[in-house]
Amino acid sequence: MMMQRLTPLLTAFGLLAATGIQGQADVCTSATLIGCGQTVNGTTVGFNPDVAPFCGTSDGAGPGVWFRFVGNGQNVTLTLCTSTFDTRVRVYTGSCGAPQCVAGNDDGCGVRSMLTFSSQSGFNYFILVHGFGAAAGAYTLQVSCAAPAPVCYSSVATVYAADPFTGTQLTLSDDVHSPLVPIGFPFCFNGITYTSCVISSNNYVSFNPGNAGTYSPWATVAMPNVANTALHNSVMAPWQDIHPGMGGQVRYQTLGTAPNRRFVVSYLNVPMYSCWTQLYTSQTVLFEGSNCLGTFITSKPVCSTWNGGSAVHGVQNGNGSSAQTAPGRNNTAWTATMQGMFFSPTCGPCNTITSGLCMPALLLPVELTDLVGRHEAGRNVLQWTTASEQNSMMFVVERSTDLEHFIPIATVAAAGQSQSTLSYSAQDDNPEPGTNYYRLRMVDNDGEETFSDVLPLVSSAIDRLVVYPNPCEGSTRVLVPKNDRPSIVLTVHDMTGREVMSLKLEPGQGSAVLSGLAPGTYLVMIPELGSGATTIFQVM
């Protein structure tokens, strides 16, 4: 007999004792140990639903069972392809009380699930098998393991093309890893796709979630290196001993629009350890689509009196058996100023048709970061910003009332060349009644044109939430009813009622952008604004 369910929330990570079919566990704290090469046949029928953090996929109303895998430094593949129902699988590390997302999957093989993750030796991984929505039934879980693939990247010097040194600031002391931070899009590194990473105070990006919040080594060694597990599965840009706790800033941000976004990690004026007046500045960039890695070093001095002034510039695979380093930069002393380098994937599944052409991602005529608008005194005011411009000539503001026929209403000169954030504005003095749709036609000096996403703008104060586009791919915009309160909060919920996102809106803020949501149907609401401030949208 199963223990009587007391409340749905008591199933969250071990608040109930394990019960159920032999070999299966109803809660994380009693997870069944499984290993490489093992196949488990069971059923989720009769077990309790689970409350767990979003991890590639979200909670459902149906039951789930828990397993535990001890990391061995190998790539682990979990397969549910022969199960009898629509499955989902999620993998966490850390602890049952403080789980950290590793990977999750809904439809890896048809409507069944399959995923691969890179395991760290000795780390516990907690695996939740459940169904889509309320689905339940018999499952077959197969576990297979393989050594991480050798690093397959080529390195090539390129122009220095840093983004603005802005974004979310991390508070990092000496020799630490950050918490898990979202990349903002799926990124494939050496054969495995990730949606989050860990940032080191010593200037590397790790794809091992188990590193989050732990010690980060400062004493560099040549790569590849099996013994130094913290540097497995990482981008060293370069790895060196710096100290953000003594000054400077470490920031991260996601720029651009799908499918050409980029995740940027910035180190700005961070002191070299023990050489406090020598400041280091650089960026590490992950490129969506091409899966290229960019490193852009503004200034890298050498502190010869500490650690021999050594630094490592390169990438390393999941078990430290293989690495690709920049020439002359493998645990040696070297300096760099205004230098760029690409690490381009050369084998599947990370390599794409654009992987060998990393540079074009930087040479878009205009890198538009935002387009917003508001209705003010009978006119519509548009504002936009750019992160970079190459050979840009002008912006043509176009308006439509039917989303088919656009007419130009204003022209604004562009900067031509820029690697810093620039702001622009224009206004429509005679908007049509009702909803107007605006876009930017961005023209470069060679006559080439690109278009922004469409911005809907109502020519009077709206009395309800409007989501556009709906359905959407990647991101969408919410138009907010008249907002004159000191502060309001917009929340997004999945169809189980679980809150998956919240945004604080400033007084007068008329719109907000929603991004990073998994495919599915969502409810967006602003409770403070009452009736009309709730609507449903879909992410494809």
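The values are calculated or read from the model by the stated rules, or taken from the named source; none is laboratory data. Small disclaimer: the values here were computed from a predicted structure and weren't measured. Methodologically, a virtual Cβ is constructed for each residue, glycine included, from the backbone with ideal geometry; neighbour enumeration extends over all protein chains shown.
Taken as a whole, the structure leaves G318 outside the set of residues that are modelled with pLDDT of 95 or more, assigned by TED's automatic domain parsing to the domain that holds F185 and of a type outside the set (A, V, I, L, M, F, W, C).
Restricting segment 86-104 to residues that are in contact (Cβ under 8 Å) with a residue 60 or more places away in the chain and in a loop (DSSP other than H, G, I, E, B), the residue that is surrounded by the most Cβ atoms within 10 Å (Cβ to Cβ) is C96.
Listed here are the residues, each with its yes/no results for (1) surrounded by fewer than 18 Cβ atoms within 10 Å (Cβ to Cβ); (2) under 28 Å from the mean Cα position of the chain (by Cα).
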{"residue": "T411", "(1), (2)": "yes, no"}
{"residue": "G416", "(1), (2)": "yes, no"}
{"residue": "S420", "(1), (2)": "yes, yes"}
{"residue": "D429", "(1), (2)": "yes, no"}
{"residue": "M442", "(1), (2)": "no, yes"}
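Restricting attention to segment 65-85, the residues being closer than 16 Å to A103 by Cβ and in a strand (DSSP E or B) number 9.
Exactly one residue out of V151, V235 is of a type in the set (V, I, T) and part of a loop (DSSP other than H, G, I, E, B): that is V151.
Of all residues in segment 153-179, those that are on the phi > 0 side of the Ramachandran plot have Cβ atoms under 8 Å from Cβ atoms of residues that are not in a loop (DSSP other than H, G, I, E, B), 6 or more apart or on another chain, in G167/R251; G167/Y252; G167/Q253; G167/V264; G167/S266; D175/Y215.
Here's the yes/no breakdown for (1) modelled with pLDDT of 90 or more; (2) outside any loop (DSSP other than H, G, I, E, B); (3) more than 17 Å from G314 (Cβ to Cβ):
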site: M338; (1), (2), (3): yes, yes, yes
site: M341; (1), (2), (3): yes, yes, no
site: S344; (1), (2), (3): yes, yes, no
site: G348; (1), (2), (3): no, no, yes
site: N351; (1), (2), (3): no, no, yes
site: P360; (1), (2), (3): no, yes, yes
site: E367; (1), (2), (3): no, yes, yes
site: D370; (1), (2), (3): no, yes, yes
site: R374; (1), (2), (3): no, yes, yes
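Within segment 194-225, if we keep just the residues that are in a loop (DSSP other than H, G, I, E, B) and of a type in the set (F, W, Y), the residue that is nearest to F287 (Cα to Cα) turns out to be F207.
The test for being in contact with a Ser or Thr (Cβ under 9 Å, 6 or more places away or on another chain), part of a strand (DSSP E or B), over 30 Å from T386 (Cβ atoms) and not acidic (D, E) holds for G314.
Looking at the structure I just gave you, is L172 in a strand (DSSP E or B) and in contact with a Gly (Cβ under 8 Å, 6 or more places away or on another chain)? So L172 fails the test.
All conditions but one from (1) surrounded by 14 or more Cβ atoms within 10 Å (Cβ to Cβ); (2) among the hydroxyl-bearing types (S, T, Y); (3) at pLDDT below 80; (4) more than 27 Å from E367 (Cβ to Cβ) apply to S487; the one that does not is (1).
Can you confirm whether segment 406-424 contains a residue that is over 24 Å from F287 (Cα atoms), modelled with pLDDT under 85 and not in a strand (DSSP E or B)? No, segment 406-424 contains no residue that is over 24 Å from F287 (Cα atoms), modelled with pLDDT under 85 and not in a strand (DSSP E or B). Go through segment 238-271 residue by residue and tally those that are over 20 Å from G294 (Cβ atoms) and either touching a helix residue (DSSP H, G or I) at 6+ places or on another chain (Cβ under 7 Å) or in a loop (DSSP other than H, G, I, E, B) (or both). Summing the residues that are over 20 Å from G294 (Cβ atoms) and either touching a helix residue (DSSP H, G or I) at 6+ places or on another chain (Cβ under 7 Å) or in a loop (DSSP other than H, G, I, E, B) (or both) in segment 238-271 gives 5. All of T450, T352, T369, T386 fail the test of being under 19 Å from G289 (Cα atoms) and buried (at least 18 other Cβ atoms within 10 Å of the Cβ), apart from T369.
Sub-8 Å Cβ pairs linking a first residue in segment 210-226 that is not assigned by TED's automatic domain parsing to the domain that holds S304 to a second residue that is buried (at least 18 other Cβ atoms within 10 Å of the Cβ) and modelled with pLDDT of 95 or more, at least 6 apart or interchain, number zero.
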